[in-house]
Amino acid sequence: MPSTTTEPMLVARDLHKRFGEHEVLRGVSLTVGKGEVIAVIGPSGSGKSTFLRCLNHLENIDRGEVRIAGEALVTTTADGLCRYAPEAEARRICQRMGMVFQHFNLFPHLTVLQNLIEAPLTVKGLSRAEIEPLADELLRKVGLFAKRDAYPSRLSGGQKQRVAIARALAMAPDIMLFDEPTSALDPELTGEVLRSMRQLADEHMTMLVVTHEMSFARDVSTRTIFMDGGEIVEAGAPQELFGRPQQARTQAFLRHML
Amino acid sequence: MDYLFQILGPLLAGTGVTLQVFALTLLLAVPLGLGLALLRLSHWPLARTLVGGYVWLMRGTPLMLQMLFIYFALPFVPVIGIRLPDFPAAILAFVLNYAAYFAEIFRAGIQSVGKGQYEAAQVLGMSRAQTMRRIILPQMVKRILPPLSNETITLVKDTSLIYVLAMNDLLRAARGLVQRDFTTMPFVVAAAFYLVMTLLLTWGFARLEKKYAVYDD
Ligand SMILES: Nc1ncnc2c1ncn2[C@@H]1O[C@H](COP(=O)(O)OP(=O)(O)OP(=O)(O)O)[C@@H](O)[C@H]1O
Ligand SMILES: [Mg+2]
């Protein structure tokens, strides 16, 4: 193997975020290497979603640093001044991350195919001829090529979420963020979405997945992170974290979940 | 029957004036209303306040008063005082007034699109302008069609207010004939004309709604 020193895909350092009086992130740090699949677990309200949303600029942090593939989205100076990259720059940096939401957020006025190609056309300025073959391939991959001309309202929840995954992939991101992608689904529909995610992990996509699916975290993640009270309480290989949790809070949470 | 043909000429001429006021108002007030709605929802506090005040003023006073003001009082206002001929004065009043109503319709339509749509567009790398143009406004259109249809039909009938500037729209033409010939026939024909215009509008909007029915939110 050639030994090249590569930048980590994502670095979050000492993230702080408060909503009013409520400090939701209290110094969260995480470094994600290329191809890692990180599962983030933790009780409701522990700040998991907020953490993801701070990584891709859906929320602004109060203090800390976020780097995507070596480029700084936000840094904090020694005297505590939080500085974001200029808007267009920040948009370009964040474009390397795709995101899948709990409630899909597909564009209802666009067909499945149009949902996939909208951003490549408008943001990247690609032509239809360039992006359509890729979009079709992605739709085949998530098993929804037959639905390419359907509107989202005609799809089941599981199908919608798979379209959302394909839509994010159409921008060719280096990292994929998932915020509880199966939590809004009927239990019998979670399997198809998890299968698509597992396939993505097998292709060595760098992934950060907030999930309540403990089996997915255990079987698919390369590292599992347990968050509670706005901080990372414990992190490690899933066998370790699930098999021999070190912290009392982790133990209590897992006892409750499993 | 002969009488009918005889009054058709003046009534059609009146309809022409009515349609001109209607079309010009729609053509100018819709984009102006959209601009006002976007300002109202912008991150610029001054613009929000100013537009809010504007909408309050325009919706809080009668259109007829606004028209009379622009025609009779505007010439005496210091600095901006200009004397407008009757037709431009009427158009200006209608546009300013209807833009306020349209702005409220657009604002409500834009605000009815959920936050998730903005976030989805943002994480795909779309700018604010791209998000508005490609994601939010197209969804707004479907949602505002019913109120927009209402407002447009109201506009057809409101055009009759220009009689206060002594312009010969459909209603004033009909009234002139009624007073001249001592028959209510011109009123009946004018009513039929208005009904045809609103019928065409209703039909047009129904078609648009059907077109947008291909998707559900
Ligand atoms: N926009 C906001 N304004 C105010 N408070 C917020 C906002 N977003 C999140 N919070 C609060 O921050 C805390 C953490 O929320 P977050 O959504 O990150 O938790 P979570 O770990 O994702 O929980 P869940 O498992 O329920 O999704 C909660 O107490 C929540 O009420
Ligand atoms: Mg959450």
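If you check A:PHE178, A:PHE145, which single one turns out to be closer than 24 Å to A:VAL123 by Cβ and away from ligand 2 (no atom under 16 Å from the Cβ)?
On the way: A:PHE178 fails: away from ligand 2 (no atom under 16 Å from the Cβ).
When all the criteria are applied, what remains is A:PHE145.
Exactly one of these conditions fails for A:LEU134: (1) under 27 Å from A:ASP219 (Cα atoms); (2) away from chain B (no Cβ under 14 Å). Give me its number.
Failing condition for A:LEU134: (1).
Could you tell me which numbered condition B:PHE102 fails, if it satisfies all but one of (1) away from every other protein chain (no Cβ under 12 Å); (2) surrounded by fewer than 20 Cβ atoms within 10 Å (Cβ to Cβ); (3) over 30 Å from B:GLN6 (Cα atoms); (4) touching a residue at least 60 places away in the same chain (Cβ under 8 Å)?
(2)
What number of residues within the stretch A:44-56 satisfy the criterion of being out of contact with any helix residue (DSSP H, G or I) (no Cβ under 7 Å at 6 or more places or on another chain) and more than 7 Å from ligand 1 (Cβ to nearest atom)?
The first filter runs over the stretch A:44-56 and keeps only residues out of contact with any helix residue (DSSP H, G or I) (no Cβ under 7 Å at 6 or more places or on another chain), leaving A:44-55.
Subset that is more than 7 Å from ligand 1 (Cβ to nearest atom): A:52-55.
Selection size over the stretch A:44-56: 4.
Can you find, within the stretch A:12-36, the residue that is nearest to the other protein chains (Cβ to nearest Cβ) among those that are more than 16 Å from ligand 1 (Cβ to nearest atom) and under 18 Å from A:MET205 (Cβ atoms)? Give the derivation first.
So the first thing to find is which residues in the stretch A:12-36 are more than 16 Å from ligand 1 (Cβ to nearest atom), and the list is A:13-14, A:29, A:31-36.
Checking which are under 18 Å from A:MET205 (Cβ atoms) leaves us with A:31-36.
Details: A:THR31: 21, A:VAL32: 17, A:GLY33: 22, A:LYS34: 20, A:GLY35: 21, A:GLU36: 20 Å.
The extreme case among them is A:VAL32.
Return only the number of the condition from (1) in a helix (DSSP H, G or I); (2) in contact with a Phe, Trp or Tyr (Cβ under 8 Å, 6 or more places away or on another chain) that B:GLY52 does not satisfy.
All conditions are met except number (2).
Listed residues B:LEU4, B:LEU84; which is modelled with pLDDT under 95, part of a loop (DSSP other than H, G, I, E, B), in contact with a helix residue (DSSP H, G or I) (Cβ under 9 Å, 6 or more places away or on another chain) and more than 30 Å from B:ALA108 (Cα to Cα)? Break it down stepwise before answering.
Details: B:LEU4 fails: part of a loop (DSSP other than H, G, I, E, B).
Testing whether each residue is modelled with pLDDT under 95, part of a loop (DSSP other than H, G, I, E, B), in contact with a helix residue (DSSP H, G or I) (Cβ under 9 Å, 6 or more places away or on another chain) and more than 30 Å from B:ALA108 (Cα to Cα) leaves just B:LEU84.
Suppose we keep only residues that are touching a Lys or Arg at 6+ places or on another chain (Cβ under 9 Å) and in a loop (DSSP other than H, G, I, E, B) within the stretch B:199-217. Which one would you say is nearest to B:GLY109 (Cα to Cα)?
Once the filter is applied, the top-ranked residue is B:ASP217.
So A:ASP79 fits all but one of (1) acidic (Asp, Glu); (2) at pLDDT 95 or above; (3) over 18 Å from the mean Cα position of the chain (by Cα); what number is the exception?
(2)
If we keep just the residues of the stretch A:57-90 that are out of contact with any Leu (no Cβ under 6 Å at 6 or more places or on another chain) and within 15 Å of ligand 1 (Cβ to nearest atom), which is farthest from A:ALA201 (Cα to Cα)?
That would be A:ASP62.
Only one residue in A:HIS109, A:HIS103 is facing chain B (nearest Cβ under 8 Å) and in contact (Cβ under 8 Å) with a residue 60 or more places away in the chain. Which one?
Going through A:HIS109, A:HIS103 in turn, the sole match is A:HIS103.
Take the stretch A:171-218 and flag every residue that is of a type in the set (A, V, I, L, M) and in a strand (DSSP E or B). Show your work before the answer.
Here is the first cut: in the stretch A:171-218, the ones of a type in the set (A, V, I, L, M) are A:171-172, A:175-177, A:184-185, A:189, A:193-194, A:197, A:200-201, A:205, A:207-210, A:214, A:217.
Correct list: A:ILE175, A:MET176, A:LEU177, A:MET207, A:LEU208, A:VAL209, A:VAL210.
Among the listed residues A:GLU59, A:GLU36, identify the single one that is within 16 Å of ligand 2 (Cβ to nearest atom) and of a type in the set (Asp, Glu). Before you say what the answer is, go through the steps one by one.
Working: A:GLU36 fails: within 16 Å of ligand 2 (Cβ to nearest atom).
Answer to the check: A:GLU59.
Mind checking which residues of the stretch B:123-166 are outside any helix (DSSP H, G or I) and crowded, with 18+ Cβ neighbours inside 10 Å? Steps first, answer last, please.
First, pick out the residues of the stretch B:123-166 that are outside any helix (DSSP H, G or I): B:124-127, B:166.
Scanning the stretch B:123-166 gives B:LEU124, B:GLY125, B:MET126.
Checking A:ASP149 against (1) among the acidic types (Asp, Glu); (2) within 22 Å of B:VAL214 (Cβ to Cβ); (3) away from every other protein chain (no Cβ under 14 Å), which single condition isn't satisfied?
A:ASP149 satisfies all of (1) among the acidic types (Asp, Glu); (2) within 22 Å of B:VAL214 (Cβ to Cβ); (3) away from every other protein chain (no Cβ under 14 Å) except (3).
For the stretch B:1-38, give me each residue that is of a type in the set (Ser, Thr, Tyr) and crowded, with 17+ Cβ neighbours inside 10 Å. Outline the logic, then answer.
Looking only at the stretch B:1-38, we keep the residues that are of a type in the set (Ser, Thr, Tyr), and these are B:3, B:15, B:18, B:25.
Result: B:THR15, B:THR18, B:THR25.
The values are calculated or read from the model by the stated rules, or taken from the named source; none is laboratory data. Remember, it's a predicted structure, so these values are computed and weren't measured experimentally. We place every Cβ from the backbone using ideal geometry, glycine too, and count neighbours over all the protein chains shown.
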